[in-house]
Amino acid sequence: MFTGLIREIARVDYFDGRKLTLAARHRPRIGDSIAINGVCLSVVEVIPGGFSVEVGDETRERVALENFQDRVHMEPALQVGDRLEGHIVQGHIDAIGTITAITPRSNAIDFQIQVPPQTLRFIIPKGSIAIDGVSLTINERLDEAFRVTIVPITLRKTLFGSYQIGRRVNIETDMFARYLYHLFAPPLTWEEIDHIHSLF
């Protein structure tokens with residue numbers, strides 16, 4: 001589990017589609033979970049000045065692999081006692097979004113990101129979302145996209161300042177929105193409704 005607060009910008013030293021080797025200050029252990037651009041991956045090797053993670057078949061089919069180059073967002077998994085300052089992030093990517101507009105504001109930058117229709121149903125105005133592993137607030141939901149606002153400190157601590165229109169990004173919607181949808185999406189029977197009433 002993660003918070004969506006980026007702890008370090010790591011440098012990609014090697015990526016062959018399966019093994020991703022990073023140069024970083026963080027010193028993990030074999031088997032540790034680390035989010036790279038929002039993707040939960042397991043450490044398979046620790047080397048001087050960095051470590052390697054393995055990218056599995058399922059992951060390769062669901063994430064923006066082209067962004068595992070140059071620099072990447074990195075967040076180690078939460079430990080017992082850590083502060084939960086962002087929102088609960090699992091590192092499980094729901095979809096790939098595409099940046100369709102970047103609009104400077106007086107003290108921030110708006111990003112508009114298009115996502116597949118099946119993902120849009122989990123996007124709630126003023127709810128939480130993780131984009132490339134960064135915990136953000138959804139400011140507006142549109143017909144085929146949504147808008148977030150990146151404030152100066154987030155621009156300094158992440159790679160968003162280098163993002164351009166057309167870039168694909170990893171999207172993880174709010175865990176609770178997904179759970180509630182799957183819990184209540186099928187029509188409820190009267191027995192189920194009675195059971196829910198009995199809980200209150």
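Any read-out appearing in this document is the output of simple, stated calculations on the displayed coordinates, not a laboratory observation. Bear in mind the structure is a predicted one, so any value in this text is a computation, not a measurement. No Cβ is skipped: glycine too gets one built from the backbone with ideal geometry, and neighbour counts run over all protein chains shown.
Of note:
- Sequence of Ile131, Ile150 once ranked by neighbouring C-beta atoms within 10 Å, starting from the fewest: Ile150, Ile131
- Short to long, the 10 Å bins of the Cα pair-distance histogram for the stretch 1-110 hold 13, 44, 32, 10, 1 percent of all pairs.
- Extreme residue, positive dipole direction of the stretch 8-76, given options Pro76, Leu20, Cys40 (C-beta unit charges): Pro76
- Sparse-neighbourhood loop sites, trypsin sites (Lys or Arg not before Pro) in the stretch 1-66 - DSSP loop, at most 15 other Cβ within 10 angstrom: Arg18, Arg25, Arg29
- Mean-position separation - Cα centroids, the stretch 16-40 and the stretch 127-171, in angstrom: 22
- The fewest-to-most ranking of Leu180, Leu159 by surrounding Cβ atoms within 10 Å reads Leu180, Leu159.
- As a rough footprinting exposure proxy, the listed residues His87, His26, His73 were ranked by other beta carbons within 10 Å of their own, and the order from fewest upward is His26, His87, His73.
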